[in-house]
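Take a look at the structure below.
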Amino acid sequence: MVVAAGTNRIDPYLIPALDGVAYGLLVFVAASGLVFCFGVANILNLAHGLLYAIGGYTAAALLDGGWPSLALALAVGVLAAAAAGVLLAGLLTPVAAGNHLTQALLTFGVALAGGSLLVAGFGPDDPQVQVPAALDGSVVVAGHRYAAYRLVFIVVAAVIAAALYLMVRRTRAGMLVRAAVDDAEMVACLGVSPARIRAGVLAAAGALAGAAGVLGAPIIGPGTDTADTVLLLSLVVVVLGGLGSMAGTLLAALAIGEIQTLGVALLPSAAPFLLFAAMAVVLAVRARGLATRWGAT
Amino acid sequence: MSLTTPRRSRALTATLLALVLSVSTACGDDGPGTSASGSIKIGLLASLSGTYQAVGKEIRDGFELYLATHDGKLGGRKVDLVVADEGNGAATAVPAATKLLKQDRVVALTGIVGGGSVAGVYPLLNETKVPLVGSNGRPELKDVSRIWHTSYLSEEPGAAIAQHVRDNVKGSVYAIGPDYQGGWDELRGFTDAFAKVGGKLANPDGKTTFTPFPATTNFTPYFARIKASGAAAVYTFYAGSAAVDFVKQYAQSEIKDVPLYAAGFLTEGGVLNAQGEAARDIYSVLNYSPDLDNAENRAFVAAWKAKHDGSPTTYALASYDAAAVLDRAIGAAGSDPTPEAINAAIGQLGQIASPRGTWQFSTTTHSPVQKWYLRQVRQDGRALSNTVVGDLATVGR
């Protein structure tokens, strides 16, 4: 070993830290839909994990190791999950906005029924996901081997996050959404139907979850408990990051990613409860999460 | 109208129930498991649905294969095989076993995938005094006088391979496994035997690293620790989808060139197809491999391949052997093969010829004293398969 003692101490944690970024960005793309729904349309959507699972199963069914199949799976997964989101918006129409208990019961029921349908359709075993052959290997990063797919995923997810930020900040749809966060009644007075905003937000949330499901399938793969895992992580993001700001959501998601990888590498014996211990600490120190509003970003 | 319908249907249900009861007691009068025609009733309980259905179907098919190749007879008597679904665990296994034991009144029970299911069914076996010739799961049990297993104890794979790892690995070995009873037993078997022959673990605290189960799907942080420990090899046990995740991520990790030794389930059956190229060169220890060179195995594999795609697994083999055990025990139990007589006969069997090689029941644990084999995942024709590369220890007390 010719490495200096100083770098040697950090060296073993390089790959977990990098992997934490990949995991965190996946959690960000998956959770942003839920945060968006909750923050903007004031809908508590407990079927959000199901939307991710739809994307995951689509990836498992369509990917065959080639690039065209990835494009196809992405298109089908995003459309299917967005359609499921619109369907949810339709089901939620009779429920008053802000009535969280009824929303939770309704969407939870949909999540249970949908989960059973997915298992009935795709079987109880965890299906295997085949990434494009060119990415099904490893590359050397700073002297360490790392899965090529995950490295590319970091770039793609960062692009999605940037696009999302620009959309919320710069487009008319984004302005409407930000306006709805600030004053929903005023937006309604200006002639924009709240029902349409709600359907649009749920479709966008579905599309994000579907994209995360397809692209993240090799990381959090489709299976009987995928929907629960993703919903749980997304809810932790809501608790840690608050509802208002995209920066808060990103920060919370990256924190979760690092806790789940770097944290496990540093303190393996605490692995089972590290995430929730961190959540408790954040709540105790700062009850409103790591940052504030979506609009203020 | 609204009142009469439920009342009428209730009366109908009662009549039907009475009818069913009278029919079932009428059948029961024949005595346990044997009918006037000289046929004999055997119950097979296995997971035909749920997480372990792949294993459950192998177990059912292994038993049925033995019957099909032996004129449907065990011990010279026609067999009436009653198959029931174990489901995911004790909650579904116990009602199914209750039906087999109390309604069908089988003379012997076989199969059972999960250790938890065996523990759940155990009191019923004591109550009905029916022997179990289990072919997979084996929990810790106080009294095994009616319990027999054709599979193995969870500690045995690790114990069998420890000496080989000690002799062939120049350096310390990192032990890692899933954090539940099966994982603890499998890894303890290895680490105890490995320490006994002077082996040294690479784990920083000298203890096995256990990963939360089934929550762990990303093994990257653990691989970083293994790399940092400077281990010369890794020993592990995972099964099912965790085995697929572990092997695929291992092959893309920075420790991909560190030799990987495992209990055979890491690369056994369907998971090997899902792992593909990533599994190449992995060493594993198991009590069976389809390429073993003996007459019984050639006949077994040929008969299996005539009916199924692919090669038989250790699960199918254990169930095939359970049928062989019952065949000889029923034959030796005399003109009236009661559950008690069959149980006594199993204890007198001695050496049993099997596709895995000759084995016998341990007098203390009632599980096999058998030879274990070292296998490596290698190219076999177009597919990858577990190829026997050597004999390991004979294990069992």
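The values are calculated or read from the model by the stated rules, or taken from the named source; none is laboratory data. If you're wondering where the values come from, they're calculated on a predicted model, not measured in any experiment. Here the Cβ positions follow ideal geometry from the backbone for every residue, glycine too, while neighbour counts run over all protein chains shown.
Of note:
- The sole residue among A:ALA253, A:ALA278 that is part of a helix (DSSP H, G or I), more than 10 Å from chain B (Cβ to nearest Cβ) and modelled with pLDDT of 90 or more is A:ALA253.
- Exclusive hit being within 14 Å of another protein chain (Cβ to nearest Cβ) and either among the β-branched types (Val, Ile, Thr) or assigned to a loop (DSSP other than H, G, I, E, B) (or both), set B:ALA278, B:ALA231, B:ALA274, B:ALA224: B:ALA231
- Condition check for B:GLY334: out of contact with any His (no Cβ under 9 Å at 6 or more places or on another chain) and within 30 Å of B:PHE194 (Cβ to Cβ): no
- Helices (runs of 4 or more DSSP H) fully within segment A:142-205 counting 2 or more residues that are within 14 Å of chain B (Cβ to nearest Cβ) and either buried (at least 18 other Cβ atoms within 10 Å of the Cβ) or not aromatic (Phe, Trp, Tyr) (or both): A:148-170
- Taking segment B:244-259 as the range and being away from every other protein chain (no Cβ under 11 Å) and in contact with a Ser or Thr (Cβ under 9 Å, 6 or more places away or on another chain) as the test, the residues that pass are B:PHE246, B:VAL247.
- Count - residues of segment B:175-204 that are crowded, with 21+ Cβ neighbours inside 10 Å, within 12 Å of another protein chain (Cβ to nearest Cβ) and either of a type in the set (Phe, Trp, Tyr) or assigned to a loop (DSSP other than H, G, I, E, B) (or both): 0
- Of all residues in segment B:205-214, those satisfying the criterion of being more than 7 Å from chain A (Cβ to nearest Cβ) and over 22 Å from B:ALA159 (Cα atoms) are B:PHE213, B:PRO214.
- The one condition from (1) outside any loop (DSSP other than H, G, I, E, B); (2) within 14 Å of another protein chain (Cβ to nearest Cβ) that A:PRO127 does not meet is (1).
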